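What follows is a short report on a single structure.
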Amino acid sequence: MGWALGWPLPLKETAERARRCGLAKKSWSDKRAREEVMMEIVRWPDSRLIQFVACEVDNRIVCTVALCVDEDAETAEEAKPNNLPPLKVAYRIIDLLDTDRDLQWYKDFD
């Protein structure tokens with residue numbers, strides 16, 4: 001088991017955001033639009049530490065953009081941040097996702 005520190009990328013919400021900010025065309029599928037958001041993050045300088053992880057979010061398995069993953073932690077309380085990217089990367093993700101969710105630990109789906 002493990003825990004990922006980040007934000008979920010729910011398919012519909014992320015696709016809608018991609019279209020609103022001009023990353024995706026309206027004719028693209030939701031999956032393709034979300035992939036474009038993921039590719040945008042990967043293209044940023046200093047994003048090499050970012051991971052995309054399948055996690056449990058609200059009793060569903062959701063793709064999550066993670067600043068770090070603690071693979072040894074059994075619970076969120078035990079999870080510890082490690083090898084974090086620069087803070088500016090986290091702020092860019094928040095801005096890109098336009099999310100109300102706080103940064104938090106999500107259970108990695110193995």
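What follows draws every value from the coordinates through simple rules; no lab data is involved. This one's a predicted model, so the numbers in the text were calculated from it and none came from an experiment. Because the Cβ atoms are built from the backbone with ideal geometry, glycine has one as well, and the counts that use them run over all protein chains shown.
Side notes on the structure shown:
- All of 89, 53 fail the test of being in a helix (DSSP H, G or I) and either of a type outside the set (A, V, I, L, M, F, W, C) or surrounded by 11 or more Cβ atoms within 10 Å (Cβ to Cβ) (or both), apart from 89.
- For residue 83, the criteria (1) touching a Cys at 6+ places or on another chain (Cβ under 7 Å); (2) at positive phi; (3) surrounded by 11 or more Cβ atoms within 10 Å (Cβ to Cβ) hold in every case but one, which is (3).
- Within the stretch 11-31, the set of residues being polar (S, T, N, Q) and either under 18 Å from residue 60 (Cβ atoms) or in contact with a strand residue (DSSP E or B) (Cβ under 7 Å, 6 or more places away or on another chain) (or both) comprises 14 only.
- Residue that is charged (D, E, K, R) and either touching a residue at least 12 places away in the same chain (Cβ under 8 Å) or crowded, with 20+ Cβ neighbours inside 10 Å (or both), where the choices are 60, 48: 48
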